[in-house]
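Notes follow the structure.
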Amino acid sequence: MRVLGIETSCDETAASVVTETGEVLSDVVRSQVEIHAPYGGVVPEIAARDHARALPHVIEEALSRAGLTLDDIDGLAVTHRPGLRGPLLVGVQMAKGMAWARGVPVVGVDHLVGHLLAVFLRREGAPDAPAFPFIGLLVSGGHTAIYRVDGARTEDIRELGATRDDAAGEAFDKVAKLLGLGYPGGPRVDALAAQGDAARAASAVPKAGPRRASFELSFSGIKSSIARHVEKHGIPTGQALADLCAAFQKAVVDALVDRTMRAAEAEDVSRVVTGGGVAANRGLRAALADACARRNVELFVPPLASCTDNAAMIAYAGALRLVRGERDGFDLSPATKTSLATVTRKGGGKRR
Ligand code: KG4
Ligand code: ZN
């Protein structure tokens, strides 16, 4: 089965053709990052307009790189949640229109399910496919959560803990902005951190909360303390800047690795899979590899093209739904929230 996947949930316009075995026949991703850079973050209305302009071309390119035409496609898969409503609507309407014109089925895919199953995409650099169950650590600019994944269906995936406030990538981007490093700042902070010594700036960065025995995360405290540090002392330069980046990155990485390993232990699961753009972070990769090796846990890190936003993961997750005989109707519409069961209360306030 050849499935055309479409992804427009945030600031990447993407289309891809994938088979139900995860073979990637084409994978086209067009980033809007430069369009949003002057604003320091994604502007939903601008994103939606740009998706509408770019998507037909991105789809044509995906078909042509696969050496196929629309007639060769057996079904459509589209991200319909979670994400920005306007941008999602562009992809959903396109997928429904194409399915109607061709008389093939269409299914909506939860973007987070796509990320968690991206490890199964067969492409260069992909690790062996993990067996179920595994602990999924999803760390991107929009989402940060830890899941127990028992299978490929939505009901097989359970959130164990998520961030209460900023996503990990969002924290990287906001701190990079505070330090004058531009947008998106994650890769810049990563590069500077590699030259810094976290211990030398440790006093400026507290541990990531919350401090209790759950799998929840919180990054807003770290971000505020860096903001206060910059207010008091100005933006550091040279070695001091690298040290501050290293201390910030270490605080984020320590929290992610701590929650992930505790989750694996509590659930008695010996496999960990990463996903999302922050999985590119060298500090996180090294710390996870080290922690997993010490505890005899198998670590699966997909190649970067499978971690960052892409339509191949959507096509694959959709192909699995189609193979199971699932179909969505033409009333398929976008939703801003995930369909996965969640346990984390967002925002501040007192907790039980
Ligand atoms: O998954 P992704 O491509 O897009 C979504 O947010 O869905 O992730 C992008 C995020 C951005 O916040 C970016 O700053 C962060 O991932 N990122 C990194 C690194 N590369 C990308 N954060 C830390 N270290 C990196 N090397
Ligand atoms: Zn994503």
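Observations, loosely collected:
- Annotation note: of P38, P56, the sole residue that is assigned to a helix (DSSP H, G or I) and modelled with pLDDT under 95 is P38.
- Residues of the stretch 124-154 classified as more than 22 Å from D11 (Cα to Cα) and either surrounded by 16 or more Cβ atoms within 10 Å (Cβ to Cβ) or hydroxyl-bearing (S, T, Y) (or both), total: 12
- Selection status of A37, in contact with a helix residue (DSSP H, G or I) (Cβ under 7 Å, 6 or more places away or on another chain), aliphatic (A, V, I, L, M) and touching a residue at least 40 places away in the same chain (Cβ under 8 Å): no
- In the stretch 167-189, residue modelled with the lowest pLDDT [restricted to those that are near ligand 1 (Cβ under 10 Å from one of its atoms) and surrounded by fewer than 21 Cβ atoms within 10 Å (Cβ to Cβ)]: Y183
- D258 in contact with a helix residue (DSSP H, G or I) (Cβ under 9 Å, 6 or more places away or on another chain) and free of Cβ contacts under 8 Å to residues at least 12 places away in the same chain: yes
- G180 vs. criteria more than 14 Å from ligand 2 (Cβ to nearest atom) and on the phi > 0 side of the Ramachandran plot: yes
- Unique residue being surrounded by fewer than 24 Cβ atoms within 10 Å (Cβ to Cβ), closer than 21 Å to R158 by Cβ and away from ligand 2 (no atom under 15 Å from the Cβ) when the list is L322, L299: L299
The values are calculated or read from the model by the stated rules, or taken from the named source; none is laboratory data. Bear in mind the structure is a predicted one, so any value in this text is a computation, not a measurement. Positions of Cβ are generated from backbone atoms using ideal geometry, with glycine treated the same way; all protein chains shown enter the neighbour counts.
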